[in-house]
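The values are calculated or read from the model by the stated rules, or taken from the named source; none is laboratory data. Because the structure is a prediction, the values reported are computed rather than measured. Cβ atoms come from the backbone with ideal geometry, glycine included; neighbour counts cover every protein chain shown.
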Amino acid sequence: MPQYISVSRRTDIPSFYANDFFMAWLKGSITYNGGYGRLYTVSLDPEDVMGYIFWSKDFSPLINHPLFERLIEVNNAVFHFTINDCRELEPNVSPVEERLATLYRLCDIVGPQRVFWRFDPICKYITSTGEIRTNEKAFFKILPHVKKAGIERCCFSFMTFYKKLNNRGLAFVEFTLEQKIGIAGNMASSCTEYGMQLYNCCNAEIPRIIPGIKPASCIDDGILRETDRFGVHKQIKLKPVRKGCGCFDSRDIGSYIQKCPHKCLYCYANPLS
């Protein structure tokens, strides 16, 4: 049964494991470590794949790979591009100016309708000096540059807390609902001004309260159908991966043992070991 392949929500394969992905793509299958000693093999043969869903903070290694244009000539693909700008939380992510340049290149190659901007997560934290900071202000600086690329969708979320996030050199704290409403409302107003649709991922109260914000389906059956260039799309089922998730079914081929050198302090997939 053909399926969509997610590359990947577990680690940044386009940034750090692009060559491994392309070698598997040429071979027609990939084996990944699912944890607890379990290995899974997934077919990447064309008849078994309806398309690829890529996720990254920096797509430059993927689009610079000599096989990238060959991949998109014969496969459907969409791209979730996370562009934040907070060095304190994302110590090894390349400068935002470089990532915006990559965004423009990617949109030129695949079309902006296949590229989705993610500004997530929005965090509140206490520094080692006791100062309380948040990271949402960069959204308003980045928005006009993303819109210039032709992108019409943005997905955001407020940070989810995990125990493993303790002892990372700063302390994450929860937003109050009132603070969330204030931040999200300002983001929605700016998106309306620029003609961009704002979606929220997994904070169910936000779309219910704030007009103009829609609940996100980051893997969206409708968008995958609309962007299908080869007539291979078959309707897929809703398959949320956590509370509040609106995603449809896909197969993720990443592994948590593929360490992500971005070392973002808020990341659930990064033990910082």
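A single entry from Glu193, Glu178, Glu174 fulfils the requirement of being over 16 Å from the mean Cα position of the chain (by Cα), outside any helix (DSSP H, G or I), exposed (fewer than 15 other Cβ atoms within 10 Å of the Cβ) and not basic (Lys, Arg): Glu174.
Where residues in the range 240-258 are basic (Lys, Arg) and within 17 Å of the chain's Cα centre (by Cα), which of them is nearest to Asn76 (Cα to Cα)?
Restricting attention to the range 240-258, the residues satisfying the condition of being basic (Lys, Arg) are 242-243, 251.
When the remaining residues are screened for being within 17 Å of the chain's Cα centre (by Cα), the result is 242, 251.
Working: Arg242: 26, Arg251: 15 Å.
Result: Arg251.
Quick check on the range 42-60. Is at least one of its residues surrounded by fewer than 18 Cβ atoms within 10 Å (Cβ to Cβ), outside any helix (DSSP H, G or I) and among the small types (Gly, Ala, Ser)?
Yes, the range 42-60 contains a residue that is surrounded by fewer than 18 Cβ atoms within 10 Å (Cβ to Cβ), outside any helix (DSSP H, G or I) and among the small types (Gly, Ala, Ser).
Annotation note: Cβ proximity below 8 Å between a residue of the range 56-79 that is of a type in the set (Ser, Thr, Tyr) and a residue that is assigned to a strand (DSSP E or B) (sequence gap 6+ or interchain) occurs for Ser56/Phe79; Ser56/His80; Ser56/Phe81; Ser56/Thr82.
Report the residue count in the range 261-273 for those that are modelled with pLDDT under 90 and of a type outside the set (S, T, N, Q).
Adding up the residues that qualify gives 4.
Scanning the range 143-167 for residues that are among the charged types (D, E, K, R) and buried (at least 18 other Cβ atoms within 10 Å of the Cβ), which turns out nearest to Ala204 (Cα to Cα)?
Keep residues of the range 143-167 that are among the charged types (D, E, K, R), which gives 147-148, 152-153, 163-164.
If we keep only those that are buried (at least 18 other Cβ atoms within 10 Å of the Cβ) too, we end up with 147, 153.
Details: Lys147: 26, Arg153: 18 Å.
Filtering the range 143-167 for residues that are among the charged types (D, E, K, R) and buried (at least 18 other Cβ atoms within 10 Å of the Cβ), the one nearest to Ala204 (Cα to Cα) comes out as Arg153.
Of Gly51, Gly28, all but one fail to be over 18 Å from Tyr268 (Cα atoms), without any contact (Cβ under 8 Å) to a residue 24 or more places away in the chain and of a type outside the set (D, E, K, R); the exception is Gly28.
Ala188 meets all of the listed conditions (1) assigned to a helix (DSSP H, G or I); (2) of a type in the set (A, V, I, L, M); (3) closer than 24 Å to Tyr162 by Cβ but one, namely (3).
Would you confirm whether or not the range 230-247 contains a residue that is touching a residue at least 40 places away in the same chain (Cβ under 8 Å) and polar (S, T, N, Q)? No: zero hits. When the test is whether a residue is in contact with a strand residue (DSSP E or B) (Cβ under 6 Å, 6 or more places away or on another chain) and either over 17 Å from Ile151 (Cβ atoms) or small (Gly, Ala, Ser) (or both), Ile210 does not pass it. When the test is whether a residue is farther than 30 Å from Thr129 by Cβ, modelled with pLDDT under 95 and in contact with a helix residue (DSSP H, G or I) (Cβ under 9 Å, 6 or more places away or on another chain), Gln258 passes it.
Considering only residues of the range 1-41 that are surrounded by fewer than 17 Cβ atoms within 10 Å (Cβ to Cβ) and basic (Lys, Arg), which is modelled with the lowest pLDDT? I'd like the intermediate steps shown before the answer.
The initial filter retains those residues of the range 1-41 that are surrounded by fewer than 17 Cβ atoms within 10 Å (Cβ to Cβ), namely 1-3, 19-20, 23, 26-29, 31, 33-41.
With the extra rule that they be basic (Lys, Arg), the set shrinks to 27, 38.
On the way: Lys27: 98, Arg38: 93.
The extreme case among them is Arg38.
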